[in-house]
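Peer 1: Pasting in a structure now, in structure tokens, and then I'll have a few things to ask.
Please treat every number below as a calculation from the coordinates, not as lab data. If you're wondering where the values come from, they're calculated on a predicted model, not measured in any experiment. When we count neighbours, we look across all protein chains shown, and the Cβ atoms used for this are built from the backbone with ideal geometry, even at glycine.
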Amino acid sequence: MNKVITDGIILMPPAFGDGLDVWSSADGLAGDPAYDGAANASLIAADADFGTCLELIKTDATQKLRSMIETPVLTGCYLRVRVRVKAISGALPSVRIAAWAGGASGAHIAGIVEAGNSEPLTAYGEIVEVSAIIGSGARTGVDMIWERNASFGHFGLDLTGNTGGVIRVEDIVIEDVTSVFRGDMLDIVDVKDFGAVGDGITDDTAAFEAADAAANGRDILVSEGSFFLGQTVTFVSRIRFQGTLVMPDSAILQVTQNYNYGTYLDAFGDETVAFKKAFQALFNFTDHESLDLCGYNIGLSGPVDIHAAVGNKNTFSSRRVIRNGQFTAQSNSNWNNDVVTSSASYSTNNATKLTNVSNIASIAVVSLVEGFGVGTEVFVKAIDVSNQTVTLSSPLWGASSSQTYTFTRFKYLLDFSGFTNVKRLSFEDLDFNGSNNASGVMISPSGLIYHFRDCFFTSNKNRCITSIGSGCSGMMIDRCQFLSGEQALDVNDRISIAFNSNENDVKVRNNRAVRYKHFGVFGGTGNIVSGNHFFQGDVSGTGERTAGIIFTTANCKTTCVGNYVDNCYIEWTNEHDATPDLISGFSFGGLIITGNIFMSSSSASWFRWIHVKPFGTGQFLNGFTVTDNVFKAITGPDLERVEIADTTHAVLNHSKARNITVTGNMYNGVTARMQNPVTVTVSRSGTNTSWLRDVSEFLPFGGRTRTVTAAIPEGIMQDASNAGVFEQPYAKIAQGTGGTEFELTWSKPVKGKMNVTVRCDDPT
């Protein structure tokens, strides 16, 4: 770069032969004395070495020679001032390049170096060249480091030392030598050229901003050094890093042209700090909707508190995306779970509160709560230490008025729990690798439409995705791989769960989950679960299996379509109900299970794929569809049934069952095949007025016969004389032990064959 060539800037001062009226014996300012007509200055027309030159007699202790022309000084440019001199007679002085620095307002800039090194003259007639370089950057070879606010200079020289000598001075040369420092990197603006120090202590914010303002389409180079930026800095130009940055947590680095994780890693040199700063910018800068991790594997030495990293927000609602990278937990004690045991009181009148909590200051928000009467995936939402109160994510179904609880705080790779509310945050093409040390992602307590797409969750210690409140509302989990770190363990020894939700409208689609304790726990309603393959297996062969999916709301309003349920089961409960005894309401309803493949291998005959587990009395089935599924058991005994009503806590009230449809399913390796409605054949070879038929093998969940919707004779019914009988029998329901039989009653003894359609519910 050469501003004389590129911008036509005039640097050279006038030649002495053009007149000494523009050469001052002071600072070169207007009104200062000039050498024109001075007794100690004269022009020499034809010096043998210099041609036309200036001859000075040194009369002052410091004899000044300054051009009265304002030579421009530009930030980023380096000027070299040089001159040749020789002593003619008298005492021999020293010589140095010197100047007067002026700012934009014309005022003198004090406190900066305005003179170069002195060179002594040691012999008469010997030509000595002195020079000095002036610029804004603290670079090797720069003699006068001038601040960015220097606009011009009056350049010349000083004669110092002995007085009385006669000195001849050749015309002074000023030239742009920026290329000496830049080489051929013409697309670069170096922050050091704008005064950046790079000592890790001096605040270089202003220098960085000045470099960005001057870049004008060129890249900014942060050359070697450690640069402290004490304030938020926004770059409108591309930026490259050879050196690194140090910034307070509150200061934001906003990069507009090459915003990605790689830039921040170059900037900070630390993987965790780089991610925090990049994410901080994502939530504070509107020009970028996504953070590309550029395929980097980010090693984390501890949980990343995203709220603390952002630092200035409790809520966020604009769409943002993190994509294309991996987070890996490094092995250390920072990931250890915090476990606290405390006694507390509970009342169903305040269903999401624990009161009189002992040792409450030791309990962490978002801890998992365990104890008698506590359902699956109940977490601490908030803590009031002064009032000894803990707010829970869900009510407790059967806790005692006073008992002991265990609170376990898992550690997550990315933890959003410090936010109040986050909406529309997406995670794409990421691998959350817990390395059996860390859990995956803790979402914010409230929010809307978190989206996990095409992600891997690998060896997460306790949980992959956790919701402690309503932040999971509308959450979508699509095409993700959940790979447990507990695959070698028996299923009953596993503790890891892929995800949970507490709110409505969750979509879980086309995922694959391998050997967790549970794949998902749904606490809300309006869910869609489709196209997933979750298999839990068990190395112990015919041992117990666990639920792949748990629905904890009785009226769950959910569709399960096209899933592959492999060596696990679907469980439907009301365990997040503080008063699980049914007084009024819909009870267990709104679940559709259609077009799924249910598979088991080497299972015990008592294994079941569909569990309904009421936690209170009076509950009944009120809207349940199981259609067009495949149930297949292999390499083991035939299963007795595919479904069970778990009576651990309560029984279903079958006398109130309504709107149950179980049709079109295929059964392989299953003895009793549930259907509703079911059509069975009832025949008698001898005459009888009462025909009983037990249909318990077909009735879902141990139900009872509630309606007979059709009774059609096949062939002619006959009496004892083999005369045709053309009357219709009437039906009695809920007959026999458990009410699993129906009875056809005739007006007289008959024999023959009837096809009867019976239901376990009221279909109206």
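Peer 1: In region 484-668, how does Rg compare with the Kirkwood Rh, expressed as the Rg/Rh ratio over alpha carbon atoms? Show your work: numbers first, answer last.
Peer 2: On the way: Rg = 15.6 Å, Rh = 16.5 Å.
Ratio value, two decimals: 0.94.
Peer 1: Sort His108, His288, His654 so the one with the fewest other Cβ atoms within 10 Å of its own Cβ comes first. List each step's numbers first, then the result.
Peer 2: Values: His108 12, His288 17, His654 23.
In increasing order of surrounding Cβ atoms, one gets His108, His288, His654.
Peer 1: Starting from the Cα of Asp187, step 7 Å along the direction of its Cβ; do the same at Ser584; then give the gap between the two resulting points in nm.
Peer 2: So the label points at Asp187 and Ser584 sit 7.4 nm apart.
Peer 1: Tell me the Rg and the Dmax, in Å, that the Cα atoms of region 3-181 produce.
Peer 2: In order Rg, Dmax, the Cα atoms of region 3-181 give 15.6, 45 Å.
Peer 1: What spacing in nm lies between the two simple spin-label points modelled at Met666 and Phe726, each 7 Å away from Cα in the Cβ direction?
Peer 2: 4.4 nm
Peer 1: Ok, one more. What is the list of residues in region 655-676 whose amide nitrogen lies under 17 Å from a point 7 angstrom out from the Cα of Asp762, following Cα to Cβ?
Peer 2: 655-661
Peer 1: With no solvent and one point on each alpha carbon, what is the Debye value of log10 I(q)/I(0) for region 603-688 at q = 0.12, 0.14, 0.18, 0.24 Å⁻¹?
Peer 2: Computed log10 I(q)/I(0) values: -0.47, -0.62, -0.90, -1.20.
Peer 1: Further question on the same structure: Starting from the Cα coordinates of region 330-452, work out the convex hull volume and express it per residue in Å³.
Peer 2: Numbers: hull volume 14.3 nm³, N = 123.
For region 330-452, the hull spanned by Cα atoms encloses 116 Å³ per residue.
Peer 1: At 10 °C and 1.306 mPa s, what whole-number value in µm²/s does Stokes-Einstein give for the translational diffusion of region 154-247, with Rh from the Kirkwood sum over Cα pairs? Before the final figure, lay out the partial values.
Peer 2: On the way: Rh = 15.7 Å.
Translational D for this selection: 101 µm²/s.
Peer 1: Just subtract the alpha-carbon distance of Ser402 and Gln242 from 0.36 nm times their residue separation and send over the number in nm, one decimal.
Peer 2: Values: separation 160, 0.36 × 160 = 57.60 nm, distance 6.18 nm.
Separation in residues times 0.36 nm, less the Cα-Cα distance, equals 51.4 nm.
Peer 1: Here's a follow-up. Compute the angle between helix 205-215 and the longest alpha-carbon principal axis of the chain, please, reported from 0 to 90 degrees and rounded to the nearest 10.
Peer 2: So the helix axis and the longest Cα principal axis differ by about 80 degrees.
Peer 1: Subtracting the Cα-Cα distance from 0.36 nm times the residue separation, let me have the gained length for Asn258 to Glu289 in nm, one decimal. Kindly include the intermediate steps, with their values, before the conclusion.
Peer 2: Details: separation 31, 0.36 × 31 = 11.16 nm, distance 1.33 nm.
Taking Asn258 through Glu289 to full extension adds about 9.8 nm, to one decimal.
Peer 1: Further, regarding this structure: Treat region 678-759 as a sphere of radius equal to its Kirkwood radius over Cα pairs and apply Stokes-Einstein at 4 °C in a medium of 1.567 mPa s; give the translational diffusion coefficient in µm²/s, rounded to a whole number.
Peer 2: 101 µm²/s
Peer 1: How long are the semi-axes of the ellipsoid equivalent to region 181-336, from square roots of 5 times the Cα gyration tensor eigenvalues, in whole Å, largest first?
Peer 2: 27, 17, 15
Peer 1: Further, regarding this structure: Pairs to check: Lys423/Lys461; Lys192/Lys313; Lys423/Lys613; Lys192/Lys276; Lys277/Lys517. Give those whose C-alpha atoms are more than 31 Å from each other in this structure.
Peer 2: Values: Lys423/Lys461 26 Å; Lys192/Lys313 34 Å; Lys423/Lys613 34 Å; Lys192/Lys276 26 Å; Lys277/Lys517 36 Å.
Checking Cα-Cα distances, Lys192/Lys313; Lys423/Lys613; Lys277/Lys517 exceed 31 Å.
Peer 1: Enumerate the whole-percent occupancy of each 10 Å bin, from 0 to the last occupied one, for all C-alpha pair distances of region 119-196.
Peer 2: The percentages, shortest bin first, are 13, 39, 27, 16, 4, 0.
Peer 1: Check the straight Cα-Cα distances from Lys58 and name the aspartates and glutamates below 13 Å, setting aside those fewer than 8 residues away within the same chain.
Peer 2: Reachable aspartates and glutamates: Asp158.
Peer 1: What ranking do Met442, Met68 get, fewest neighbouring Cβ atoms within 10 angstrom at the top?
Peer 2: Numbers: Met442 26, Met68 20.
With the sparsest Cβ surroundings first, the list reads Met68, Met442.
Peer 1: Would you kindly compute the Cα radius of gyration of region 338-409 and its largest Cα-Cα separation (Dmax), both in Å?
Peer 2: Rg then Dmax for region 338-409, in Å: 10.3, 30.
Peer 1: Take the Cα pairs of region 38-98, get the Kirkwood Rh, then feed it into Stokes-Einstein at 37 °C and 0.692 mPa s and tell me D in µm²/s.
Peer 2: On the way: Rh = 14.2 Å.
Roughly 232 µm²/s, to the nearest whole number.
Peer 1: Another question, if that's okay. Below 25 Å, Cα to Cα, which lysines can Lys64 reach? Residues fewer than 8 away in the same chain don't count.
Peer 2: Within the straight-line limit of under 25 Å, Lys64 reaches these lysines: Lys86.
Peer 1: Shifting gears a bit: Take Asp249 and Asp493, extend 7 Å from each Cα along the Cα→Cβ direction, and tell me the distance between the two endpoints in nm.
Peer 2: Calculated label separation equals 4.0 nm.
Peer 1: Once the piece of chain linking Ala61 and Ser301 is laid out straight, how much longer is it, given 0.36 nm per residue of separation minus the C-alpha distance between them?
Peer 2: On the way: separation 240, 0.36 × 240 = 86.40 nm, distance 6.54 nm.
Working it through step by step, the gained length comes to 79.9 nm.
Peer 1: Quick check: the distance between the Cα centres of region 142-197 and region 452-494, to the nearest angstrom?
Peer 2: Value for the Cα centre distance between the two parts: 64 Å.
Peer 1: With N residues in region 387-463, what two-decimal value do you get for its Cα radius of gyration over 2.2 N^0.38 Å? Each step should come with its number before you reach the end.
Peer 2: Details: Rg = 15.6 Å, N = 77, 2.2 N^0.38 = 11.5 Å.
In units of the globular-protein estimate, region 387-463 measures up at 1.36.
Peer 1: Only counting other Cβ atoms within 10 Å, I'd like Met12, Met717 sorted with the fewest neighbours first. Write down the numbers at each step before the final one.
Peer 2: Details: Met12 14, Met717 21.
Lowest to highest Cβ neighbour count: Met12, Met717.
Peer 1: Report, in cubic angstrom per residue, the convex hull volume of the C-alpha atoms of region 514-616.
Peer 2: Values: hull volume 9.8 nm³, N = 103.
So the per-residue hull volume is 96 Å³.
Peer 1: Taking the inverse of the average 1/r across all pairs of different Cα atoms in the chain, what Kirkwood radius in Å do you get? Walk me through the intermediate numbers first.
Peer 2: Working: mean 1/r = 0.0303 Å⁻¹.
Its Kirkwood hydrodynamic radius stands at 33.0 Å.
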